[in-house]
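Worksheet: the structure to be examined is printed underneath.
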Amino acid sequence: MSLTPAPQPASNLPPPLPPTDAKASWRAWVSWAVIVGCVVLVVSVNFTRKQKPREADGPTAQQLMMFRYAIGADRALGTLAGTQPANSAGAQVARQMRSNASTDADRLYAGLLTCVVHAREQGLADVAAALDSSDANVRAAAEAFLAILDAPGPRVTDTARQALVDRHKWIGRYVVATVDPSRSDERSVLQAEAVRTFSVLAGFLAVVVVALLVGVALLVTGVVLLLTGKLRFAIAEGAGRDVALLEAFALYLGLMTAGLVWGASDLPGGRAVGLPLLVLAFALGIGWPFLGRREGTTTTDIRRALGLHRGRGVLIETLAGVAGYIALLPVMALGILITFTLTRISGADASHPIGDELTGPLAVFILLTSFAAVFAPVSEELMFRGAFFGHLRTRVHWVAAAGIIGVIFGAIHPQGWAGVPAIAMVGFNMAVLRQWRGSIIAPIVAHALNNGTIVLMVGLALR
């Protein structure tokens, strides 16, 4: 489908509502029933999955990142700063990891980190405490690590060492290399990898801080321009009132929910069936507004209602997406802060399951990066901020529409209930960009920038 230039509206007033017929009203009620039902189902599945205890069959991406960051921080900063072990950066991370531990696996890895960077006796005691875990994998891991840490000599076979490495990946390699003097070269290599993790995360944090400062300036400027009438938002296109746009989103969400549930369940085929359903959901969702549009509505009207036009030009809209993303970073930071507070208070897990897969084979990493930074932004923006927002903002004020869509957007993501504020703010921000530019290009660019940055950061830090 082509992106055609959008003609400038002669007035900033929305077009009048067309006459409502009984058939359109019935179709709208059915669509809303599907949307609400899908949201409830996805939230239930995500909640159940998050509540289900995760068997500690190796470290999660978050545990691995904290471990490597601590080692890298000690290597990069500890020696240069001349700090004592108790005050080193790695020791501080170990204490933080220990105090924030919410599962037996968290406590096990926190104990191992404490043992290798700070206080051996305290770390050994924490690892020994994991022998009482209700998780059989944690008990087995604690026993194996204690055997390595207490008696690295003849009592531990090469097979046992390799089993630790296979099960616990980088952490297992580092612990084995730390207690075995013959592996000093491997330990140096692992420390260099840990320094890279520290450098990537520290660099990412520095960029985020600078971007937040710039974002505050841009946001304040934008609000001032908006209040003084020098910044105008796009109007809601009349074709957006067509119930076909709402039906398109309901169709998309229904099939997407089927794909998510299928992929998350033990149904035949698993993801091999779930992923094609996601692609099919987008294909049918984007096509339905053109097939089911009301009489008298042209394809050009539908494209404009979806935001499928070049706005003021692809380059300008792309730059607007980047600038808008930075300007709205403070809003996103507020959502992240709320999510962080909820996780600290409740101990809930708000991580995305994709994180654990980014450390897999390179081909898997490339595939996941392409999905997160290309397919997801294009499909989700065209459906959420294109069809759904394009319709809903003709029925309620656009701010309310953006808020409703943001909450639904956050609720159906797999981070769980604690992650809803952070993801909802992302969805809200994308709707603001759509309302500002009219074209869907800016929100797609901003969404791709958000996902791509996070995935690449995690991938570079842990590979």
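Structure data summary
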item	result
Yes/no for Arg232 being in contact (Cβ under 8 Å) with a residue 24 or more places away in the chain, among the basic types (Lys, Arg) and more than 28 Å from Gly324 (Cα to Cα)	no
Filtered residues of region 363-397 (kept if modelled with pLDDT of 95 or more and aromatic (Phe, Trp, Tyr))	Phe384, Phe388, Phe389
Of all residues making up region 348-394, the number that are surrounded by fewer than 20 Cβ atoms within 10 Å (Cβ to Cβ) and of a type in the set (Lys, Arg)	0
Subset of region 350-373 [closer than 27 Å to Leu337 by Cα and either in contact with a strand residue (DSSP E or B) (Cβ under 6 Å, 6 or more places away or on another chain) or among the hydrophobic types (A, V, I, L, M, F, W, C) (or both)]	Ala350, Ile354, Leu358, Leu368, Phe371, Ala372, Ala373
Odd one out for Ile338, checked against (1) crowded, with 22+ Cβ neighbours inside 10 Å; (2) farther than 30 Å from Lys169 by Cα; (3) β-branched (Val, Ile, Thr)	(1)
2 or more residues over 18 Å from the mean Cα position of the chain (by Cα) and assigned by TED's automatic domain parsing to the domain that holds Val279: qualifying helices (runs of 4 or more DSSP H) within region 348-462	362-370, 389-392, 398-411, 420-437, 441-462
Residues being at pLDDT 95 or above and crowded, with 23+ Cβ neighbours inside 10 Å - total across region 446-463	2
Some residue of region 170-189 being surrounded by 13 or more Cβ atoms within 10 Å (Cβ to Cβ) and under 26 Å from the mean Cα position of the chain (by Cα)	yes
Residue within region 420-430 that is crowded, with 24+ Cβ neighbours inside 10 Å and within 20 Å of Leu308 (Cβ to Cβ) present	yes
Flag for Ala211 being outside the structural domain of Asp74 (by TED's automatic domain parsing) and either surrounded by fewer than 12 Cβ atoms within 10 Å (Cβ to Cβ) or touching a His at 6+ places or on another chain (Cβ under 9 Å) (or both)	no
Pairs, first within 16 Å of Val322 (Cβ to Cβ) in region 213-224, second among the aliphatic types (A, V, I, L, M) and modelled with pLDDT under 95, C-beta under 7 Å, six or more apart	Gly222/Leu231
Test result for Ala202, surrounded by 18 or more Cβ atoms within 10 Å (Cβ to Cβ) and under 24 Å from the mean Cα position of the chain (by Cα)	no
Inter-residue pairs, beta-carbon under 8 Å, first closer than 24 Å to Gly347 by Cβ and in region 82-100, second at pLDDT below 85 and surrounded by fewer than 16 Cβ atoms within 10 Å (Cβ to Cβ), 6+ apart	Ala91/Pro85; Asn100/Arg344
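Yes/no per residue for (1) surrounded by fewer than 18 Cβ atoms within 10 Å (Cβ to Cβ); (2) modelled with pLDDT of 90 or more; (3) in a loop (DSSP other than H, G, I, E, B):
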| position | (1), (2), (3) |
| --- | --- |
| Ala258 | no, no, no |
| Val261 | yes, no, no |
| Val279 | yes, no, no |
| Phe282 | no, yes, no |
| Gly285 | no, yes, no |
| Phe290 | yes, yes, no |
| Glu295 | yes, no, yes |
| Ile302 | no, yes, no |
| Leu319 | yes, yes, no |
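Conditions tested, residue by residue: (1) over 24 Å from Ala461 (Cβ atoms); (2) among the small types (Gly, Ala, Ser); (3) modelled with pLDDT of 85 or more; (4) loosely packed, with under 14 Cβ neighbours inside 10 Å.
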| residue | (1), (2), (3), (4) |
| --- | --- |
| Gly58 | no, yes, no, no |
| Leu64 | no, no, yes, no |
| Ala101 | no, yes, no, no |
| Asp106 | no, no, yes, no |
| Gly111 | no, yes, yes, no |
| Ala129 | yes, yes, yes, no |
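The values are calculated or read from the model by the stated rules, or taken from the named source; none is laboratory data. Computed from a predicted model, the values in this text were never measured in an experiment. Please note: Cβ atoms are built from the backbone with ideal geometry, for glycine as well, and neighbour counts cover all protein chains shown.
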